[in-house]
Amino acid sequence: MTRLEARGITLGYGTGTIVRDLSLRVPDGQVTVIIGPNACGKSTLLRALARLLPPATGAVTLDGKAIARRPTREVARILGLLPQTPLAPEGITVADLVARGRAPHQGAFRQWSNADAAAVGAALEATGTTALAEMRVEELSGGQRQRVWIAMALAQETPLLLLDEPTTFLDLRHQIEVLALVRRLNKDLGRTIVMVLHDIGLACRYADHLVAMKEGRIVAEGAPEEVVTPAIIREVFGLEVRVIADPETGTPLVIPRRTP
């Protein structure tokens, strides 16, 4: 298994500190979801885990080694990232975009191979986008586009996937489709996945491990039923709620209380 860990990291932009002295060990082979209010540091933490934002103090480690000291191509073979608002070159087809996920496996002495073609085909099939292969990305619906971006990350064949708000701007049906796909990637292909989500109910439904953040720190982490309690939701979101069992899944469901 591949181990991803943050050890006492402090993160920020310029002179502003957003995350201070945070430690997190990502559970192997599970779906971890990070929740919390806007501007609490969720996406900042994900950027650090993905090696895009160097910590001011502390370190992010991959299999016990500081990720900042590992070669970029080596990291890209282990860890895939879907950012919050990815941009595709104008006119690019789905097949060509997904094929870009194979870039970490290319080099001066290794060009496109049958293994690359097989990886792209498997990624398209796993995400249900094979029939879209010759379409241009800008012609797709929001839900289709998200599945294609996940296919590109999947084509990297990395054991770790980091997804920053993969359901943003999607309607409820497409949110469910994307999250069900993420769960299949975890269960069927054994991927370790870390996601940032805003919807607490969906986070509880699809997460094995939940991390609740506030003001750049972790308030609670564990199984959804351990983290999503009235007291913790009050502390993290400043909201009075009831927590009941989802009648479909048995996972926690948050019901806001009426305000006077």
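Computed from the coordinates by the stated procedures, all read-outs in this text should not be read as laboratory data. Not measured: the values here are computed from a predicted model. Neighbour counts are summed over all protein chains in view; Cβ atoms, including those assigned to glycine, are modelled from backbone coordinates with ideal geometry.
A few points about this structure:
- Size descriptors for region 89-157 (Cα atoms only): Rg and Dmax, in that order, 11.5, 38 Å.
- DSSP loop chymotrypsin sites (Phe, Trp or Tyr not before Pro) with at most 16 other Cβ within 10 Å excluded, longest remaining stretch of the chain: 1-108
- Ordering Thr259, Thr72, Thr168, Thr129 by the number of other Cβ atoms within 10 Å of each residue's own Cβ, fewest first, gives Thr259, Thr72, Thr168, Thr129.
- Working from label points 7 Å from Cα in the Cα-to-Cβ sense, the Glu139 to Thr57 distance is 5.4 nm.
- Separation between Cα centres of region 216-246 and region 85-106, rounded to whole Å: 38
- Rounded to 10°, Cα long-axis angle of helix 142-155 versus longest principal axis of the chain: 70
- Label-to-label distance for Lys65 and Val219 is 3.8 nm, based on points extended 7 Å past Cα in the beta-carbon direction.
- Ordered by the number of other Cβ atoms lying within 10 Å of each residue's own Cβ, fewest first, Ile92, Ile232, Ile150 fall into the sequence Ile92, Ile232, Ile150.
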